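Structure first, then comments.
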Amino acid sequence: MAQTATTPDATDTSETRGGWGQFRDERLNPVKRYALRNPSLIVGLGLMLSLMLFVGIGHIVWDTEQFRVLSAPTRLPPVLNYEIPTGKLAGQIKSYPFGTDTQGRDLLAVAIKGTPLTLRIGLIAGFVSIGLGTVAAFLAAYYRGWVDNSVRTVVDVGLAMPGLLILILVRINIGRELSVDEMGFALGMVGWVFPARTIRAQVLVMREQAYVELSRLSGTSGLGIIFKEMLPNLIPYITASLVGSVAGAILASIGLEAIGLGSFGLPTLGMTIYWNIQFSSIILGMWWWWLPPLIAIVIVFLGLFLISSGLDEWSNPRLRKRV
Amino acid sequence: MTEQTQAVENAPSPILSRVFRIVALVLGNFVVRRFFFFLFVVWVASTVIFIIPRLSGQDPVKEKLLLEAQRGGAIQQGLDAMAKNYQKRFGLDLPIWVQYKNFLADLARLDLGTSIAFFPRTVNEIVFESLYWTLGLMGTVTIMAFTLGTLAGAILGWPRKPGWVQYVFMPLLTLAAIPQYLLGMILIYLFAFTLGWLPLFGGYEPATLPNLSFDFIVDVLRHAILPAAAILFSVIGFWAIGMRGMMINAQGEDYMIQADAKGLKGARIFLRYAVRNALLPQVTGLALVLGTIITGQVLVERVFSYPGIGDILFQAIRLSDFFVIRGIVIVIILGIAGATFLLDVLYPLIDPRIRVRN
Amino acid sequence: MVQPTIEETRLSTEQAIKTYREGARITDVDLLVVEGLSVYYETESGTVKAVDDVSFTLKQGERFALVGESGSGKTTLAMALMRLTRPPGHIAKGKVILNNRDLTSLTEEEMRQARLSELALVPQGAMNSLNPVMRIERQLTDGIIDHLADDESMSRKELSQTVRDLLMRVGLRPDVARLFPHELSGGMKQRVAMAIGISLRPSLIIADEPTSALDVVVQRQIMQTLGRLQEGLDASIMLVGHDMGLVAQFADTIGVMYAGKLVEVGPVEEVFSDPKHPYTKLLIQSLPSLQEKKEFVGIPGLPPLLIHLPQGCAFEERCPSRFGKCTGTVPQKLSVGNRREVACFLYEGEGAS
């Protein structure tokens, strides 16, 4: 009798080696295990993703043009199927799940449209600061000499000056409002100093390590060493710095906007806070006006913070709890 | 930060060092070096502040002054005089280095100009008045938050702590992630609006004149509770988490194993080996985030309409009062640079490794 | 190039071994008895047996050297004796009997008291083992203070006198007391570490690679000081290291570790002149000699990963004398002479296990 089906044998590894099996064992599983050990990373990512989902779905199902002033009756608490009594929309039945503010903005539209704007500012600023900072750090730490001296001086002085204040001055003197991208870029230009300092310190330490020396001896050019040896090892640290930078930039942008230096037509989180303070929404008892931006900001910061904590173990091997 | 990177970061910049060393050789002190750095930072900041308005080729300050002056009236006459005086010293017809010289001369005398919006009050008057409120409340609270937070972090970072302490960590984490002014808004809503226990805004009841009576002081304290709480709870978490990280780092060091091997008592190891060493990067961290702390407080003041520098800044921005804005920025920079200088000078007291042997 | 035979090696090491221990006072009292000590690390990939079933005895006054490659488990063993093993490692089984007391059964507080007063660790002083923000005198006295009984106390004068005394014993000037660790050289730091180690007159001193980071001249001075201190206390020393030359000159007994197991133990002269275990043989052969020129001989292959230990003898893969039995079972310790033990199947006929 011929043997029929051959059941996969536990010791027969020819099926699991190579291709998907190998990918699963060597790449996926370690990542999975790492993720399970760091719940903060998962929770953080989860928070950010849900926010994205909210924004994404919102853009599809809701009329985001209602973020503009006078798109809706004013001062409505959250209502569904409300018959509008007067004004240009009289007679229509509309829902305002997040209510409206004193100037007639649909707050749900504001949340959907505005949240990604703030995030975008943060991302642009984050990438610009980390980009500039990393370049400066590598230049200074690898080539040393007068390059290092100058960068070092600039960074030291830059750190002693609060970037936010400089931005306020610049904005005042430019005299006009800044677009989202401009604000992101400006924040990035001001924020590169701190990452430059910390990354430089890391590179200086790395520079003295054996594998760099080896690379140099075997004739790899300076740039080659930077890209092939040092950069890959720094990616965890740079990523953690990036998350921190983005969070800081969002904080700063909200601050700038809350003081009144934002773009008045845009429904960013910071501008919403500005309007809240302007019209004393708390005293007016309009809790639906300040609560959503509050929750959004909390989610963003908590999320970013947790992601950064979760990445800690990856970027700082000393904290590794298991072999 | 590891010890290695820590030592690397704290090495001062060589160009400046060379210049300073000559000076320091004459006067012989590490303190002098840091002081010169302080002056250097202030000078650079002032130069930046000088340059920014002039980048566009026009002078918005002059435009504003002229605008206000044209409105007519008694105050406007004063403004008119001010505009003319301004033109004399900073007019665009003057060569730029003359303008610069005048600007620096004014600064050196701490003459920050006269307010446009609140004419005829000088900028100094306005700024320093509000400075008391800011430093008094916010300054105290920051120090408290740093101390308490560091303490909390030290305990959180110690493996042999009582079990329940671990559960304090999560709420602190959440609080640390929330920006100060947001926490302020939440607190206002909860305690001032809903429960009505505490006042909604301001530093004291409006329409009262500040005086030193007991009632007034109590009033001030009542108004100070919420803003203080906002800053305190938000910032404590930040320091606690930082210190906890430093403690964890310190425990990986060889001297910790040795401390155990010597059979030292737990409390001693905790205080004199772990905390004492973890404190070093923590204090360095304080110096680095000073700027952020101050700007954070500015926003909290905005939310609470607290009569400090933040509030004045907001008003000045609204009214385009360039002189006041400029004055505030300069004062804040002075403050940060000064505090950094102080910390730099005091740091060798806690870290014997960078004491210069005289 | 002809490989030197065992005979030739014996001659040169015999010349090298100088037992300058005329005053050696090794009594017959068992100071330290280690029975079946095992230190395991639980990881998600399996159990790492860093130290596996190690047993040996130390007499009072004896100098015992524990040698092995990096990763052989010698430092782990030393730390385990002091019960300083950090999680996720733990002492899985075994006993550590010091002065007739089983250290593994003591409470935390009792163990804390025992450390420094009965057994002391002298680490590599040149590394970061001294607290960078404390003055030397403080670091010398805080151990003493924390071991005082509740009703005891020492005056400032007494402490200060003790500090001077300790510094003098290790050959340092008294004004070192007010300095900070970063102001001392590597050798000086090592001496301070030794001063701390003897401050409470322990019966056992564990010296973990005390001279690794120092240059040869200083090494010799340090070892001499260490020996002198030990004799002054009538204590025993356990020296952990991988410098065979140092061991040859200093120790009375040598224990060789490989992959977490103790593979050979015996008096130093005997082990050097007549190594039994194949690993020990290769180790001794690889020692460079001043007497004659020969090729450097290494040991081919690499030590096994402690996570994937083979079924049988851990050394089997690299062993030139392996045979059938070696792959199946783990060799147990066999007695092959006076205080001589080997864990190898080659000697199964010779002695009782």
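Values quoted throughout were computed directly from the atomic coordinates according to the rules given, and no laboratory measurement underlies them. Just so we're clear, the structure is a prediction, and the values are computed from it rather than from any experiment. Here Cβ is always computed from backbone atoms with ideal geometry, including for glycine, and neighbour counts include all displayed protein chains.
At-a-glance table
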{"read-out": "Net charge of neighbours whose Cβ lies under 14 Å from the Cβ of B:Gly308, counting Lys and Arg as +1 and Asp and Glu as -1", "value": "-2"}
{"read-out": "Lys, Arg +1 and Asp, Glu -1 on Cβ, resulting dipole of chain A about Cα centre, debye, nearest 20", "value": "420"}
{"read-out": "B:Ser320, A:Ser221, C:Ser129 arranged by Cβ crowding within 10 Å, fewest neighbours leading", "value": "A:Ser221, B:Ser320, C:Ser129"}
{"read-out": "Beta bridges per DSSP with both ends in the protein assembly as shown, % antiparallel, nearest 5", "value": "65"}
{"read-out": "A:Ser179-C:Leu305 FRET efficiency (beta carbon distance; Förster radius 60 Å; 0.05 resolution)", "value": "0.55"}
{"read-out": "Ranked list, fewest to most other Cβ atoms within 10 Å of each Cβ, for C:Arg156, B:Arg121, C:Arg135", "value": "C:Arg156, B:Arg121, C:Arg135"}
{"read-out": "Contact order normalised by residue count of the range C:247-353, Cα under 8 Å, 6+ apart, percent", "value": "24"}
{"read-out": "0 to 90° range, to nearest 10: angle between helix A:180-191 axis and chain A longest Cα axis", "value": "50"}
{"read-out": "Gyration tensor (alpha-carbon) shape descriptor, chain C, a/c threshold 1.5", "value": "prolate"}
{"read-out": "Rg and Dmax of the range A:130-220, Cα atoms only, in Å", "value": "16.8, 56"}
{"read-out": "Relative intensity, log₁₀ I(q)/I(0), of the range C:131-268 from a Debye sum that treats every alpha carbon as a point, q = 0.16 Å⁻¹", "value": "-0.89"}
{"read-out": "Relative contact order (%) - criterion: Cα under 8 Å, at least six apart; region: the range B:265-329", "value": "16"}
{"read-out": "Unit charges on C-beta of K, R, D, E only; dipole of the range A:124-203, Debye", "value": "220"}
{"read-out": "Separation of alpha-carbon centers, the range A:200-227 and the range C:309-323, rounded to whole Å", "value": "40"}
{"read-out": "Rounded, prolate or oblate (a/c below 1.5 giving rounded, otherwise prolate when a/b exceeds b/c) for the range C:224-353 by Cα gyration tensor", "value": "prolate"}
{"read-out": "Neighbour-count order for B:Trp133, B:Trp43, fewest beta carbons within 10 angstrom listed first", "value": "B:Trp43, B:Trp133"}
{"read-out": "Calculated diffusion of the range B:129-284, Stokes-Einstein form, Kirkwood radius summed over Cα pairs, 10 °C and 1.306 mPa s, µm²/s", "value": "90"}
{"read-out": "Förster radius 56 Å - calculated FRET efficiency between A:Glu65 and A:Arg207 (Cβ-Cβ, nearest 0.05)", "value": "0.55"}
{"read-out": "Ranked packing of A:244-255, C:202-213, most packed first, by mean Cβ within 10 Å", "value": "A:244-255, C:202-213"}
{"read-out": "Gain in span if fully extended, C:Lys93 to C:Glu109, counting 0.36 nm per residue against the direct Cα distance", "value": "3.7 nm"}
{"read-out": "Cα-based convex hull volume of the range B:233-358 per residue, rounded to whole Å³", "value": "130"}
{"read-out": "Net +/- balance of residues flanking C:Ser55 in space, Cβ distance below 10 Å, scoring K and R +1, D and E -1", "value": "-1"}
{"read-out": "Candidate lysines - alpha carbon under 16 Å from B:Lys265, same-chain residues fewer than 8 apart omitted", "value": "B:Lys161"}
{"read-out": "Furthest towards positive pole of dipole, C:His182, C:Pro123, C:Leu200, structure part the range C:98-217, Cβ charges", "value": "C:His182"}
{"read-out": "Cross-link pairs C:Lys93/C:Lys261; B:Lys262/C:Lys157; C:Lys74/C:Lys189; C:Lys49/C:Lys95; A:Lys32/A:Lys228 - those with Cα-Cα distance over 25 Å", "value": "A:Lys32/A:Lys228"}
{"read-out": "Nearest-ten-degree value, helix A:269-278 long axis tilted from longest Cα axis of chain A", "value": "40"}
{"read-out": "When the convex hull of its Cα atoms is projected in every direction, mean area for the range C:287-327 (nm²)", "value": "4.0"}
{"read-out": "0 to 90° range, to nearest 10: angle between helix A:107-143 axis and chain A longest Cα axis", "value": "30"}
{"read-out": "Two-site FRET efficiency, B:Glu129 against C:Ser55, from Cβ-Cβ distance with R₀ of 60 Å, rounded to 0.05", "value": "0.15"}
{"read-out": "Global geometry of the range B:89-182, whether rounded, prolate or oblate, following the gyration tensor of its Cα atoms and the 1.5 cut on a/c", "value": "prolate"}
{"read-out": "Euclidean distance of C-alpha centroids, the range C:58-80 and the range B:242-308, integer Å", "value": "38"}
{"read-out": "Top of C:Ser236, C:Ser72, C:Ser185 by mean-square fluctuation, Gaussian network on chain C, Cα under 10 Å", "value": "C:Ser185"}
{"read-out": "Per-residue mean of C-beta atoms belonging to partner chains within 10 Å, peptide B:174-181", "value": "6"}
{"read-out": "Net charge over other residues, Cβ less than 13 angstrom from the Cβ of A:Leu167 (K, R count +1; D, E count -1)", "value": "-1"}
{"read-out": "Share of pairwise Cα separations in the protein assembly as shown, more than 42 Å, in percent", "value": "53"}
